[in-house]
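J.: Just dropping this structure here.
The values are calculated or read from the model by the stated rules, or taken from the named source; none is laboratory data. In this text the structure is predicted, and so the values were computed from the model without any measurement. All Cβ positions, glycine included, derive from the backbone under ideal geometry; neighbour counts span all protein chains shown.
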Amino acid sequence: MQNLYTRTSNVKLLTKIKQALTHFTKTEWYIFLGLLVVLAVSTFGILRNINQSFLTKVPMVGGTLTEGIIGTPRFINPVLASTDADRDMVSIVYGGLMRKDVHGDLVPDIAEKFTASENGLEYTFTLKDNILFHDDTRVTATDIVFTINKIKDGIVKSPIKSNWNGISVEKLSDLVVKFTLNQPYASFLDNATVGIMPEHLWKDSPIELNDLNINPVGTGSYKISKVGKLSGGGVDYYDLTYFKDFSLGTPYIKKITLKFYQNEEDLITALENRKVEQISSISPEKAVLLSEKGYHISSSVLPRVFGLFFNQNQNQIFTNRNVIKAINLGINKDKIIQEVLSGYGVVTDDPIPPNMIEYQELNSKNKDTYEDKFKEAENILAKDGWKKNEEGFLAKTTTDKNKKTASSTIEFSISTGNAPELATSANFIKQDLERLGIKVEVKTFDIGNLNQIVIRPRKYDSLLFGQIINNESDLFAFWHSSQRKDPGLNVAMYTNTKTDKILEEAFITIDEESRIKKYLQFENEIKKDLPAVFLYSPDFIYVTSKNIKNLSIRNIVSTQDRFLNMHLWYTKTDNVWKVFSN
């Protein structure tokens, strides 16, 4: 009965509406229709906004990217890679037991997990069960043992052999491998990032002659699909496709093309002619010009410390700490950053790179202006008895116990490479120090001669030189007294038994907090002894595509690190409801 009443009421309502509509004037019809349109549009807009509030952008698989690289790869394998082009390709094609993530932290790659003994002498890795090489063969512990033993083989002469001295490797099962160290090694897990080679493809031919050096097979995020060769046989470009079975997930960008160029000029021309979308290894000056043209420039401070390293055996003036303090204060480091590096770098006063945050954040920075520092330098020298002579250079007269007088001056030479950045920096230093009253001669050499006739025999007063510090353990090579002679890298000829002991202990200290304290002690010793004046750390400069997303270079250590997380890069996106985005 109730339903019948309701239906009757609805019929009466519709009848009344029809009667009302039949009595509308033309104007009233227009108003009515307009209101209907407004209602429809408003309803659609409300529903659309509600839908948008539930949507989020997510990466999609697809798209392409082309990058230009200076140089031509010859040894695309982790054992022999020696050039930037080699190492760039290795970082893409190969994967290791461990890998650095976007934060610079070490995470498992082809390994599922690892354990370390309490004494730091044994590391045992368990591999993920489903890891494949690009040829679809399974990765086993045999491949890890093969790769490490090739690195350690003295006949092969791997450039990273020294990283594995005193470390042995053994297969415990198909998926378990153990490393045994002669002594604890704080940076061992960095070693474990080395790419793993497929034993079944490399074992039957000498590593230097294998075609896999040009057409490599690894476990990395991208695999070779095409090798473009020049008429002379060299490599022109590589087409790489995403590896669906990559250990950390299928990459988003489907195709990456790497093109190779002989020099910076050709590289930039290719960028401007749209043959490539991304380039690196360019000078700060060129980066500024490209930025002015609208290109997107990314940069990040590299763990490299450039400084003026003093050879006390060659010039006794460097035994005077007051003189070294004055030199340090008298150099306008900010000017080098702005005029030589075009702002792509940071001033440093320490032997530990500024991007090793754990150490540097504990140091307070001197905020005095350069002119304040220059005046302080003048006062230090004046108190030490130095006065400018008629030529405008500092001199000092001393009397020995036999009442014999002798006059000395502050003068030395700076030896450095003939690269524009180094040569210009050296001349800026010369100008600053001669204003202070110190006589300086700049000597520039091509890189081959600098190494052979200057650095190796230690034939220099001072050396304008850069230290590449990939991890903390590298500080041992640059500052321990055992490294003073060639092929050691202690170019300051620095000797301090206390510093040696600190470096030796830090090298084997596994606990991070304890290790940081030791390196702070090391830094304090260097600042007391003043074997060098530290100048700057340069930026890595990367011209990147405006379409690329999720590319981060904030924590790179080496230039090839820019590719370590390219599986997370993307150019395509889609809108999905947030509930489905994870």
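J.: Looking at Glu472 and the list (1) assigned by TED's automatic domain parsing to the domain that holds Pro420; (2) among the charged types (D, E, K, R); (3) within 30 Å of Thr83 (Cα to Cα); (4) out of contact with any Phe, Trp or Tyr (no Cβ under 9 Å at 6 or more places or on another chain), which single condition is not satisfied?
T.: (4)
J.: Being surrounded by fewer than 16 Cβ atoms within 10 Å (Cβ to Cβ) and not charged (D, E, K, R) is the filter; apply it to segment 230-248 and report the residue that is nearest to Leu127 (Cα to Cα).
T.: Gly234
J.: Looking only at segment 414-449, which residues are surrounded by 14 or more Cβ atoms within 10 Å (Cβ to Cβ), assigned to a helix (DSSP H, G or I) and hydrophobic (A, V, I, L, M, F, W, C)?
T.: Leu422, Ala423, Ala426, Phe428, Ile429, Leu433, Leu436
J.: Which condition breaks for Lys286 when tested against (1) under 21 Å from the mean Cα position of the chain (by Cα); (2) on the phi > 0 side of the Ramachandran plot?
T.: (2)
J.: Would you mind stating whether Lys255 is in the same structural domain as Asn130 (by TED's automatic domain parsing) and surrounded by 14 or more Cβ atoms within 10 Å (Cβ to Cβ)?
T.: Here the answer is yes, as Lys255 does meet what is asked.
J.: Can you name every residue in segment 238-263 that is assigned to a strand (DSSP E or B) and out of contact with any Phe, Trp or Tyr (no Cβ under 9 Å at 6 or more places or on another chain)?
T.: Answer for segment 238-263, where residues must be assigned to a strand (DSSP E or B) and out of contact with any Phe, Trp or Tyr (no Cβ under 9 Å at 6 or more places or on another chain): Asp239, Tyr261.
J.: I need a count of the residues in segment 394-414 that are at pLDDT 95 or above and more than 21 Å from Ala326 (Cβ to Cβ).
T.: 0
J.: Please go through (1) assigned to a helix (DSSP H, G or I); (2) among the hydrophobic types (A, V, I, L, M, F, W, C); (3) surrounded by fewer than 21 Cβ atoms within 10 Å (Cβ to Cβ); (4) touching a strand residue (DSSP E or B) at 6+ places or on another chain (Cβ under 6 Å) for Val346 and return the number of the only condition it doesn't satisfy.
T.: (1)
J.: I would also like to ask the following. Tell me which helices (runs of 4 or more DSSP H) are completely within segment 264-343 and hold 3 or more residues being in the same structural domain as Leu551 (by TED's automatic domain parsing), in contact with a helix residue (DSSP H, G or I) (Cβ under 8 Å, 6 or more places away or on another chain) and at pLDDT 95 or above, or say none if there are none.
T.: 264-272
J.: Across segment 409-441, what is the total count of residues that are of a type in the set (Gly, Ala, Ser) and free of Cβ contacts under 8 Å to residues at least 24 places away in the same chain?
T.: Within segment 409-441, residues that are of a type in the set (Gly, Ala, Ser) and free of Cβ contacts under 8 Å to residues at least 24 places away in the same chain number 1.
J.: Looking only at residues that are buried (at least 18 other Cβ atoms within 10 Å of the Cβ) and free of Cβ contacts under 8 Å to residues at least 60 places away in the same chain in segment 157-174, which one is nearest to Asp129 (Cα to Cα)?
T.: Only one residue fits best here, namely Val169.
J.: Hey, another quick one. So is Arg74 surrounded by 16 or more Cβ atoms within 10 Å (Cβ to Cβ), farther than 27 Å from Glu264 by Cβ and of a type in the set (Lys, Arg) or not?
T.: no
J.: Is it the case that segment 203-221 has a residue that's within 20 Å of Arg138 (Cβ to Cβ), β-branched (Val, Ile, Thr) and out of contact with any Gly (no Cβ under 8 Å at 6 or more places or on another chain)?
T.: yes
J.: Give me the residue from segment 137-156 that is of a type in the set (D, E, K, R) and touching a residue at least 12 places away in the same chain (Cβ under 8 Å) and, out of that set, surrounded by the most Cβ atoms within 10 Å (Cβ to Cβ).
T.: Asp143
J.: Of all the residues that make up segment 176-201, how many are crowded, with 18+ Cβ neighbours inside 10 Å and assigned to a helix (DSSP H, G or I)?
T.: 4
J.: Note down all Cβ pairs under 6 Å where the first residue falls in segment 242-267 and is farther than 24 Å from Met98 by Cβ, the second is surrounded by 22 or more Cβ atoms within 10 Å (Cβ to Cβ) and hydroxyl-bearing (Ser, Thr, Tyr), and they're at least six residues apart or on different chains.
T.: Pairs that qualify, where the first residue is farther than 24 Å from Met98 by Cβ and the partner is surrounded by 22 or more Cβ atoms within 10 Å (Cβ to Cβ) and hydroxyl-bearing (Ser, Thr, Tyr), are Leu258/Tyr238; Leu267/Tyr261.
J.: Suppose we filter segment 307-348 for residues that are in contact with a Lys or Arg (Cβ under 8 Å, 6 or more places away or on another chain) and within 25 Å of Lys383 (Cα to Cα); how many remain?
T.: Residues meeting the conditions: 4.
J.: Next question. Name the single residue that is surrounded by the fewest Cβ atoms within 10 Å (Cβ to Cβ) among those in segment 468-524 being touching a strand residue (DSSP E or B) at 6+ places or on another chain (Cβ under 6 Å) and not small (Gly, Ala, Ser).
T.: The qualifying residue surrounded by the fewest Cβ atoms within 10 Å (Cβ to Cβ) is Ile468.
J.: Kindly evaluate Thr319 against the criterion of being surrounded by fewer than 19 Cβ atoms within 10 Å (Cβ to Cβ) and either among the polar types (S, T, N, Q) or closer than 30 Å to Met493 by Cα (or both).
T.: Yes, satisfied.
J.: Of everything in segment 77-94, what is buried (at least 24 other Cβ atoms within 10 Å of the Cβ) and either polar (S, T, N, Q) or under 20 Å from Lys226 (Cα atoms) (or both)? Give them in sequence order.
T.: Answer for segment 77-94, where residues must be buried (at least 24 other Cβ atoms within 10 Å of the Cβ) and either polar (S, T, N, Q) or under 20 Å from Lys226 (Cα atoms) (or both): Asn77, Asp88, Met89, Val90, Ser91, Ile92, Val93, Tyr94.
J.: Restricting to segment 455-467, what's the tally of residues that are surrounded by fewer than 19 Cβ atoms within 10 Å (Cβ to Cβ) and either more than 23 Å from Asn328 (Cα to Cα) or among the polar types (S, T, N, Q) (or both)?
T.: 2
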